[in-house]
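Structure first, commentary second.
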Amino acid sequence: MNWLLSEKKIFRYTHLIVFAITCFSLAVSGELSGDYIHYQLGVKYKNEKKYNEAIDEFRKVLAAYPDNYNAYMHLAEIRTEQNQHRLVIYNLKKALGYNPGWGKAHKLLASAYEKDGQVQKAVLELQQYLPTSDPAERDSLQKQIDRMIKKIGGGQTQPDSQKVISSQDRKNSSDVSKTESKAAEPVQKMEPAKKELPKQNTAAGTPSDSAAFATAVSLYNDKKYDAAMEQIRKVLTIQPNHSGAYYYAGLIRRRNGQTKMAKINFQKAIDYPELGYNAHFYLGKIYAEENNYQEAINQLLQYISKSSYEPGKKEALALIEQLKKKSPGTPVVPVKAGSTPSAPAKKDSTQEITFSVQNAIPKEKYVSFEIAIDSMLSMLAIDTLSDPGQQLLYGIREFLQGGYDKSILEFKKVMSTNPSAAVAVPCIYNTGVCYFKLGLFKEAENQFQLILERYSNHKAVSKAMLLKAFTYAERRDLKNAERLIREFLQTYRDHEWRMNAFEKLGDTYIQMEQPGKAIDAYTQAGNALKVADRVRVLFKLGTTYLHLGNSKRAIESFRSVISIGEKGDVYVRVPDAYYRIGDEYYKSKEYDKALEFYIKVTRKYPAFQETPWGYFQIGSILKNQKRYQEAVKMFKELIRKFPEDYWAKQAQWKLDDTIWENEYNAVLR
């Protein structure tokens, strides 16, 4: 038995010697050096198709450098050879997380999705990559997209709402495909609206269906459109003719620029009892864009006959007049008398409707004030003893409860009946804030621009200017964003939002890939009075220094984050700062300093999501320092506390390696 154990030890030591010789020969040949030995060995094993050995080496690379996207790519390529598509997807998502826009990763990810049967995701992956891809390969990518769309369309159970946009859907031609022509025929032959809405509630279904639909609506209101579409698909699987699901699918398609699919969805949403009448409004706009003026007018007339929302009806009438001018000879189908519903329809919480502000002389002066809604933004209100003041306050309350759409409608309602500047400006400004929070940045810009153009002497102009700049930044119109922010800083040198403007300017420079200018802007913004703002800005400053390779200044910034944050009871970025410092010291082989920060953060903030990584790093450093017993204890603690975490799985082989290395050193002694 002792002889057998000796044989095993001899085998392991022989393996170690061979491994060392291999590493030495590779280092001499110039193929690797220092910390990258595991990476080069991984590449070597991969080329030799020794995949298990290669995987182990790349895992070691990621243990030391978790942001090494090339290692994730190699793992993905190995998993592709092994036909393990889910692991391919996992590794490619990691690679793209650290190297966004990597064309090779996007294309391989789409291929993995398709091989795994997730064709819908494959198409979406290529569509997201297409705008930033090399122009020379776009035709090839589009052919792949169209091929997969045909593949999706060939399925027998694929609901209409799950179809994705093809290259034909991107064209703005007024011609429609044969499929869409058939889908549009019932609408083109539709009679004027009947006096009553359908008695059957086609939007209601089984309890599970209703729950999924309610979830979809909630997700839509929270701007989580992809998640909302997933819920809509579930609804349509249970009840294929759910008109409410088609209505919200149409809104999402319309928002995403998938006009033809939106048209089909809206055609199926007309019977939705709650908001189906608005489908006519959107169909009218879509037909107008397709230059089908007759059908556009008919749809808008249907909307007018069913809606009780006066601003919307006014806009529809104005649009009809415009369409008549474009096509003077177009006959208008009259709406039958008495076609308005017997009960007023509910106002749509997702209205696309806008109307102009009237320039009227104020009839009375109201005392104005602001109501804070977050650390920076506020809404404008007026004397709450007045009727308009009460109505504005109601809209603000709706906003604070998350009802952004309802608050928009309320503000527009107030403005339509109170066009004086004292009331109109708060309504326009608040509406712009709502649109901003909804992620409708173009609509928000329009509202802020109205204030700049029509009420240039109002005190809200300065904030409207900066928020307009923010809408440019959110839409990645970075040059205009920079220009407006600089104009704001030059014009308003003592403004309460000055530090916020510097911070946003820094964010803009980061997106413009000008980190040097970003550092200047963040340094100015670091003088903010609020602790939370200073902590946030200093963390961005440190991250920017890291990007420039200035580790010393980065560590100084992160130390400031920790000091200021912990003194001011602000902890949003404090644990992150500990880990960034620890990682930097680890990379520079200052293991004692790295160990100090990893130990502090894991003890102070044990619930933080990076704690498994902290435990892993502590164990690795202890192992490097030959403190084997402590390292073993730490790896075991990681595995015990976080058994399902990625780093717990990595700790298992580290643990085995530590135990073996400890035995090896004991034998040598």
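The values are calculated or read from the model by the stated rules, or taken from the named source; none is laboratory data. Keep in mind the model is a prediction, meaning the values are calculated, not measured. Counting neighbours? That spans all protein chains shown, and the Cβs are built from the backbone with ideal geometry, glycine included.
Brief remarks follow.
- Any hit, segment 307-330, residues being of a type in the set (F, W, Y) and at pLDDT 85 or above: no
- Per-region count, segment 482-523, residues aromatic (F, W, Y) and assigned to a helix (DSSP H, G or I): 4
- Reported count of residues in segment 56-83, each being modelled with pLDDT of 90 or more and either touching a strand residue (DSSP E or B) at 6+ places or on another chain (Cβ under 9 Å) or under 14 Å from A651 (Cα atoms) (or both), is 0.
- Scope segment 40-92; condition farther than 30 Å from I621 by Cβ and among the polar types (S, T, N, Q); matching residues: N47, T80, Q82, N83, Q84
- If only residues of segment 572-587 that are over 21 Å from Y646 (Cα atoms) and surrounded by 20 or more Cβ atoms within 10 Å (Cβ to Cβ) are counted, the one that is modelled with the lowest pLDDT is R573.
- First in segment 537-552 and β-branched (V, I, T), second anywhere and assigned to a helix (DSSP H, G or I), Cβ under 7 Å, 6 or more apart: V537/E503; V537/Y522; V537/A525; T544/I510; T544/P515; T544/A518; T544/I519; T544/Y522
- Against the numbered list (1) surrounded by 20 or more Cβ atoms within 10 Å (Cβ to Cβ); (2) touching a helix residue (DSSP H, G or I) at 6+ places or on another chain (Cβ under 7 Å), Y225 comes up short only at (1).
- Any pair with Cβ under 7 angstrom, 6 or more apart, that starts in segment 644-660 at a residue that is among the aromatic types (F, W, Y) and ends at one that is at pLDDT 80 or above and part of a helix (DSSP H, G or I): W647/P612; W647/W613; W647/F616; W647/L638
- Unmet criterion (only one of (1) at pLDDT 85 or above; (2) touching a His at 6+ places or on another chain (Cβ under 6 Å)) for V235: (1)
- For segment 355-390, a residue qualifies if it is at pLDDT below 65, of a type in the set (V, I, T) and surrounded by 14 or more Cβ atoms within 10 Å (Cβ to Cβ), and exactly one does: V357.
Yes or no, residue by residue, for (1) among the polar types (S, T, N, Q); (2) assigned to a loop (DSSP other than H, G, I, E, B):
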residue	(1), (2)
A216	no, no
D226	no, no
M229	no, no
K234	no, no
R253	no, no
N265	yes, no
D271	no, yes
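- L548 vs. criteria among the hydrophobic types (A, V, I, L, M, F, W, C) and either over 23 Å from Q652 (Cβ atoms) or within 31 Å of the chain's Cα centre (by Cα) (or both): yes
- Entirely in segment 42-155, the helices (runs of 4 or more DSSP H) that have 2 or more residues that are within 20 Å of the chain's Cα centre (by Cα): 85-98, 103-115, 119-129
- Residue pairs whose Cβ atoms lie under 8 Å apart, sitting 6 or more positions apart in sequence or on different chains, and linking a residue in segment 267-278 that is in the same structural domain as Y246 (by TED's automatic domain parsing) to a partner that is part of a loop (DSSP other than H, G, I, E, B) and among the charged types (D, E, K, R), are E274/K346; L275/K346; L275/D348; N278/D348.
- Identity of the residue in segment 588-615, over 30 Å from the mean Cα position of the chain (by Cα) and touching a residue at least 24 places away in the same chain (Cβ under 8 Å), that ends up surrounded by the most Cβ atoms within 10 Å (Cβ to Cβ): Y615
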